[in-house]
Amino acid sequence: MIIQANILKTKITPEQFFMLSVLAVNGGNYLYNLILGRVLGPEQFADAAVLITFLLVLSFVAMTFQLVTAKFLVIFENKILASFISKIYKKAIFAGISLGILIIIFSNQLQQVFNTSSSSMFVIFGIGVPIYFLMSVNRGVFQGKKAFKPLSITYQAEMLSRLLITLGLIFLLNIQSSIVIAIGILISFVFGLLPFKLKNIKLKTTVQIDTGQFKQVRQFFIITAFYELTQIIINNSDILLVKHYFESYDAGLYASLALIGRIVYFIAWMFVMLLLPTVVQLKKEGKPTVPILFKYVGYIAIIASLIIFMCVLFPETAITLLFGNSYLAMAPLLWKYALATGLFAISNIFVYYYLSLDQYIPVIFSGVFGLFQMGLVVFFHNSLEQIVHVQIVAMVLMLVFQVVYFIYNSKSKLIQD
């Protein structure tokens with residue numbers, strides 16, 4: 001059920017309301033994945049995991065448009081702002097159509113690479129890509145305005161529709177599960193557009209963004225796109241590579257492990273959503289930004305530690321409750337995977353913080369470590385355990401770099417001041 005802001009607004013702040021909403025959305029998405037895992041079993045769930053991973057990849061790509069929209073909604077004003085919003089919608093539509101066509105054209109090749117039972121699921125997914133890009137810009141507008149009620153509604157509508165439609169189709173219709181999942185994802189994109197204001201897309205704009213402003217937008221867009229690419233590599237390459245190198249049964253087991261272990265990252269995501277516009281606004285007002293960084297790093301560190309601790313104590317209980325006895329082979333690896341994602345989540349807060357401040361060195365090195373992690377998996381994949389171990393190595397090194405860079409950058413500012 002969509003949380004009603006008018007009931008809660010007297011008791012909690014808009015930011016707290018949004019965080020509760022994100023927790024509800026993540027809980028719904030988890031329920032969606034858990035039910036699929038139980039109903040389909042490891043082999044069929046491996047196919048579902050590919051589509052779910054494609055959805056996560058798409059969300060990272062489209063997040064570029066969302067973050068750019070959110071940031072410059074804070075910076076630009078009046079007619080320049082209206083012109084910017086219109087242009088970013090047009091760019092998103094073009095990018096979405098282009099990417100969707102590519103996915104459809106290469107659907108057969110995607111089926112072969114990832115050993116899936118159908119190519120049609122990629123075709124259906126490709127049709128929905130332009131809608132998702134529109135949805136992301138729409139969310140960027142709400143995020144930049146700190147309009148947390150409509151921002152929450154769009155996430156909740158997407159999650160609820162995907163959950164109800166997909167599961168309804170699986171239980172009512174006797175067709176390939178991968179096709180059903182793709183249809184559910186496509187329809188959920190339409191619901192995720194709501195609420196949407198068509199008037200924000202204008203065919204002609206009377207005010208043009210000047211050269212300096214355009215350069216600023218382009219620079220931030222490119223570096224954000226690069227960073228989201230690193231997110232794709234770090235967050236999703238392991239599942240896709242496991243699906244390529246291992247049998248469907250093992251790939252399904254690993255997908256369940258990844259889903260449970262990534263609880264930390266999904267929780268961290270809501271802090272990232274709040275971090276960017278807050279840091280940009282503080283910078284604009286000339287106020288210190290480091291306290292907000294420490295605040296969110298502290299939150300994620302505590303949450304990650306608790307989840308890892310629970311995975312150490314009760315790995316078999318967690319897997320049995322969430323996925324069932326068919327996935328118990330992954331119990332010894334659960335806390336290790338949670339450790340890898342926890343390290344990544346903390347590093348991610350640092351990178352988004354500097355991205356908000358237009359400092360891009362941490363972003364570049366995040367890409368380097370993302371490629372390093374993928375390279376380790378390519379060369380060291382004798383077992384699922386080895387794949388988890390090399391990810392821990394990559395994420396430890398990445399976090400060490402982020403902390404060292406923060407200390408160095410802070411000392412440099414003190415010397416300059």
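The values are calculated or read from the model by the stated rules, or taken from the named source; none is laboratory data. What you see is a predicted model; the values in this text were computed from it and never measured. Because the Cβ atoms are built from the backbone with ideal geometry, glycine has one as well, and the counts that use them run over all protein chains shown.
Quick notes on this one:
- Test result for Gly140, within 24 Å of Ala48 (Cα to Cα) and in contact with a Ser or Thr (Cβ under 7 Å, 6 or more places away or on another chain): no
Every residue, every condition in (1) of a type in the set (D, E, K, R); (2) under 20 Å from the mean Cα position of the chain (by Cα); (3) buried (at least 23 other Cβ atoms within 10 Å of the Cβ); (4) outside the structural domain of Ile232 (by TED's automatic domain parsing), yes or no:
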| position | (1), (2), (3), (4) |
| --- | --- |
| Ile52 | no, yes, no, yes |
| Leu56 | no, yes, no, yes |
| Thr64 | no, yes, yes, yes |
| Ala70 | no, yes, yes, yes |
| Val74 | no, no, no, yes |
| Ala82 | no, no, no, yes |
| Ser86 | no, no, no, yes |
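- Lone qualifier among Leu322, Leu313, Leu293 - being in the same structural domain as Phe350 (by TED's automatic domain parsing), aliphatic (A, V, I, L, M) and loosely packed, with under 14 Cβ neighbours inside 10 Å: Leu313
- Qualifying residue in region 220-233 (condition: buried (at least 21 other Cβ atoms within 10 Å of the Cβ) and at pLDDT 80 or above): no
- In region 363-391, the residue that is surrounded by the most Cβ atoms within 10 Å (Cβ to Cβ) out of those that are free of Cβ contacts under 8 Å to residues at least 40 places away in the same chain and part of a helix (DSSP H, G or I) is Val390.
- The single condition among (1) modelled with pLDDT of 75 or more; (2) assigned to a helix (DSSP H, G or I) that Pro195 does not satisfy is (2).
- Any hit, region 110-119, residues being buried (at least 19 other Cβ atoms within 10 Å of the Cβ) and either in contact with a Pro (Cβ under 6 Å, 6 or more places away or on another chain) or touching a residue at least 24 places away in the same chain (Cβ under 8 Å) (or both): yes
- Options Leu334, Leu293; residue that is within 23 Å of Met19 (Cβ to Cβ) and touching a residue at least 60 places away in the same chain (Cβ under 8 Å): Leu293
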